[in-house]
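Worksheet: the structure to be examined is printed underneath.
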Ligand code: NAD
């Protein structure tokens, strides 16, 4: 069986980090006897320059045909002057909508060696491994009616609508229960069910679903308490599931717990487990093309691609073990070389080499 993987390097450091992730995927495919066919297409600023739009038709056709998409990053100062509707970031919104990617997975993993990069005490975060599951295509960001209008009394009013129907809640809930089942078997659903009806329904549906997953322990937290617990004792969590707005905020809190933007992967999935995998960081134009970018967030995104879209858990585990091993041997790119680190830092390609060498031992 051939797995079709579409690479969208994008702008800035995107091509630098995608090149290393492709090398790692190729090596892991050899080890596990997987047949991965890579294709490559344009997105973002480069697509605007060459095709006149950030998500061209040729890219759309390949993305729809692929089993999974691995993206670098989009954007840069040369496109900042364009109107909001024509900017490189529109390419990201377009591909998410086109592939109906309603489920965003953001792991916050802090390798023990990097614990000093966190803003919290090391003992609170060393070894942190949580997963935030965020609904991505519904809720208050998309609900109608919305807008700013002038009322009859002449006062301007802004309005948004938070809404979910039970099928939308059920499909994200199922993915969260499945993810918890593959991990430590604990799922915390985050809502504001003491105030908001939309999240009362959210809680009811999560409770209904839990009878299908007797092996997963379901708990509930109000979002204000969840935010406090994330900075008080983050290691108490395994998987958190929540709606679009709360997920946006909580996943950024969780990202800050790790302190290293160059280390954070993400995945956005549709109901057929097709996914868009990308590092959380942007295109870092300040270091693009200089062999300075940390490729580990993209390499860890490639591991998620193996786990969720190719269903190759052993290959995913092996990539993650290789990254852990590289860090434990003291290899660092410049962005994660703070604290007590005194050795020489590695460039982007050398970090890719180190992960590939570690794969053979992992
Ligand atoms: P950024 O994440 O690109 O960079 C922030 C800082 O972190 C910079 O100093 C950068 O050098 C550093 N950094 C980021 N990734 C790194 C890596 N892998 N290795 C080493 N250092 C790294 O955020 P920004 O500066 O706010 O945005 C730059 C451009 O990226 C903008 O055009 C923005 O719109 C775009 N952006 C794109 C995405 C995306 O494609 N998903 C996300 C965020 C920002």
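A few points about this structure:
- This ranking places 202, 79 by how few other beta-carbon atoms lie within 10 Å of each, fewest first, which gives 79, 202.
- Most to least packed among 23-30, 58-65 [average Cβ atoms within 10 Å]: 23-30, 58-65
- As a length-normalised measure over Cα pairs under 8 Å and 6 or more apart, the relative contact order of region 216-282 settles at 22 percent.
- Normalised by the number of residues in the chain, the mean separation of alpha-carbon contacts (under 8 Å, six or more apart) gives a relative contact order of 21 percent.
- When shorter helices are ignored and each DSSP H run of at least 4 residues is given -39500 (n - 2.57), the per-residue value for the chain at 222 nm works out to -12500 deg cm²/dmol.
- Cα gyration tensor category, rounded, prolate or oblate, for region 1-123 with a/c compared to 1.5: oblate
- Prolate/oblate/rounded label for region 205-323 (Cα gyration tensor, a/c 1.5): oblate
- Beta bridge orientation in the chain: antiparallel %, DSSP, nearest 5: 40 percent
- Peptides 267-273, 235-241 ordered by average Cβ neighbours within 10 Å, highest first: 235-241, 267-273
- Proxy reagent accessibility, fewest Cβ within 10 Å first, across 246, 38: 38, 246
- Kirkwood Rh and Cα Rg combined as Rg/Rh, the chain: 0.97
- A crude spin-label estimate for the pair residue 210 and residue 227, with each label 7 Å from Cα along the Cβ direction, gives 2.5 nm.
None of the figures in this text is laboratory data; all of them are computed from the coordinates on show. These figures come from a predicted structure and were not determined experimentally. Every residue, glycine among them, receives a Cβ derived from its backbone with ideal geometry; neighbour counts consider all protein chains shown.
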